[in-house]
Every structure is written in structure tokens, then in C-alpha cells.
1. Looking only at the stretch 192-204, count how many residues are in contact with a Leu (Cβ under 7 Å, 6 or more places away or on another chain) and assigned to a helix (DSSP H, G or I).
2. Determine, yes or no, whether Tyr179 is hydroxyl-bearing (Ser, Thr, Tyr) and farther than 20 Å from Phe229 by Cα.
3. Is it fair to say Thr190 is in the same structural domain as Ile135 (by TED's automatic domain parsing), at negative phi and over 12 Å from the mean Cα position of the chain (by Cα)?
4. Is it the case, given these coordinates, that Ile69 is at pLDDT 95 or above and either in contact with a Lys or Arg (Cβ under 8 Å, 6 or more places away or on another chain) or among the aliphatic types (A, V, I, L, M) (or both)?
5. Has the stretch 139-157 got any residue that is among the hydroxyl-bearing types (Ser, Thr, Tyr) and surrounded by fewer than 20 Cβ atoms within 10 Å (Cβ to Cβ)?
6. Does Gly146 count as within 24 Å of the chain's Cα centre (by Cα), within 28 Å of Arg82 (Cα to Cα) and not acidic (Asp, Glu)?
7. Given the conditions (1) of a type outside the set (A, V, I, L, M, F, W, C); (2) more than 26 Å from the chain's Cα centre (by Cα); (3) buried (at least 17 other Cβ atoms within 10 Å of the Cβ); (4) farther than 16 Å from Leu156 by Cα, report the number of the one that Pro90 does not fulfil.
8. Could you tell me whether the stretch 194-210 includes any residue that is at pLDDT below 90, touching a helix residue (DSSP H, G or I) at 6+ places or on another chain (Cβ under 9 Å), assigned by TED's automatic domain parsing to the domain that holds Thr109 and not aliphatic (A, V, I, L, M)?
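The values are calculated or read from the model by the stated rules, or taken from the named source; none is laboratory data. None of the values given here were measured: they were computed from a predicted structure. Because the Cβ atoms are built from the backbone with ideal geometry, glycine has one as well, and the counts that use them run over all protein chains shown.
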Amino acid sequence: MLAPEGSWPDLSCFATLTRALALSLVLVLILILANCQLLIANCCFIYNRLMGEKLLLVPWFAGILYSSIPLFWFVIHPVAQRWRAMPGSPYRFLLPFWAGAIGILASATWPWHSIRIYSIPWMWLPAVLFVVLGISIYRRIGPEFGSKNFVGQIELRPEIQDQVLVTSGLHTRMRHPIYFAHLFMFAGWTIGSGLLINYLLLAISAFVTFPLMIWMEERELEKRFGQTFRDYKARVPLIPFQRRFTA
């Protein structure tokens, strides 16, 4: 039925329809949120089942391995001359020592190897970024650094290895990129897993053992390369952009 001429049309039906649509929209949003919460709960349950004690052994052992790296170099840098004078390969003693250090660290931390500060699947997102950054550093320094520098053969066997100070590639921006790669990898496993013992070992590594290892290594490099290393040390910072922050 048409409204009389000059009068307003009846909009009550449109208002009722609008309210019904709004109510329906609210109900749909409530259902979506409920399903999302259920999905999140299911994902967390599946994640916790997967990240049981057996799977947590992987990040725990990664933490043990990276924590042991300074211990390996602690017995090399201060007495490098003695290792060089030793007949035969010094790795006959160094590798068993390193294996023993890993075993001692594993035994000491085993009671806490599965204790986590948190269990959040999404923490693997920033963790992956750290791992990717660490891998990218390994790949970039590989051709210039070489496996012989990586295992210390250049330092321990100078009579059969060319003594060349690596100053190219990433070494033009920071003096020890490989150690930053180690710490990035360590941080990735720690952040992703949330293991309490890994956070403790990472803090000790970042603020105590890795800086001490670098200090020992630079003393040895200065003895081996003399003024060449002193010039390099004055030119290249320990941490990228360190000169800018301290200027």
C-alpha cells in the first residue's frame, strides 16, 4: 500500500531488519571467536604433545653444544705455542677434552633439561629469524674464513698453513662474525623452546664466556700477526655500528 502523498514512508520494517542483521552479525562474530579460541587451544595441546621431553632434547643439546665452544678455545688460545710445539696432532687431546666438556655440561644440566619458562608455539616465529640470521652469517663467511680457521688448524699448525689474517667480507664490519652466528643460533633455539636452562646458559655465554674467549683470541692474534692485527682492531669494531653508538 502506497503512503499518502506528502507523508513519510513507514521505515519500521527496515529498522527491524537492520536490528536483526546486526544481531546475526554479533552472533556470527561470537561463534568465530569461540572457534578461534578452540583452535588455539587445540594447537597449544598438539604443540605441547609434540614438544614433549624427547623433542626438547634437541634445543637442550643445541644449548649444551654452543655453550661448550668457549671451553674448547679456553685450552687453546692461552697456550697456543705449547700446542704448536707438540709432536703430532694436538687434536688427539683437544677433541676428547671437548667431548668430555660436553658430557659434563650435559650431566650438570640434565635435571632441568625439560623445564620451560613458557610453552608458546608462536615464539618459534622470532626464533626462526635468529636461526636464519645465524645461518646467513655462516654462509657469508664460509668462503673467506674456511674450515681450517673454523677448527683452529691455522692457529695450531702454522708451519704447514699459510698465516693470513681474514679481513674481507663480513670481517670488514665486525671482528668475529662467527661468534655472533653461534649466539644467534643459540638464541633461536632458546627463544623457540622456552627452556629455562638454555636461557641461563645463553646469558652466561653472551656476557661471560664468549667475551672472555674473544679477549683470549685477540691476544693470540696480536702475538701472531703483530701490527697488522692492531691496525685491523683499530679499524674494525667488535660489534657492527659500535663506533657510531660510542662516538
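1. Result for the stretch 192-204: 1.
2. Considered against the rule, which asks whether it is hydroxyl-bearing (Ser, Thr, Tyr) and farther than 20 Å from Phe229 by Cα, Tyr179 comes out as no.
3. Values: in the same structural domain as Ile135 (by TED's automatic domain parsing): yes; at negative phi: yes; over 12 Å from the mean Cα position of the chain (by Cα): no.
No, not satisfied.
4. Yes: the conditions hold for Ile69.
5. yes
6. Numbers: within 24 Å of the chain's Cα centre (by Cα): yes; within 28 Å of Arg82 (Cα to Cα): yes; not acidic (Asp, Glu): yes.
Answer is yes for this residue.
7. Going through (1) of a type outside the set (A, V, I, L, M, F, W, C); (2) more than 26 Å from the chain's Cα centre (by Cα); (3) buried (at least 17 other Cβ atoms within 10 Å of the Cβ); (4) farther than 16 Å from Leu156 by Cα one by one, Pro90 breaks only (4).
8. Narrowing the stretch 194-210 to residues at pLDDT below 90: none.
No - not one qualifying residue is present in the stretch 194-210.
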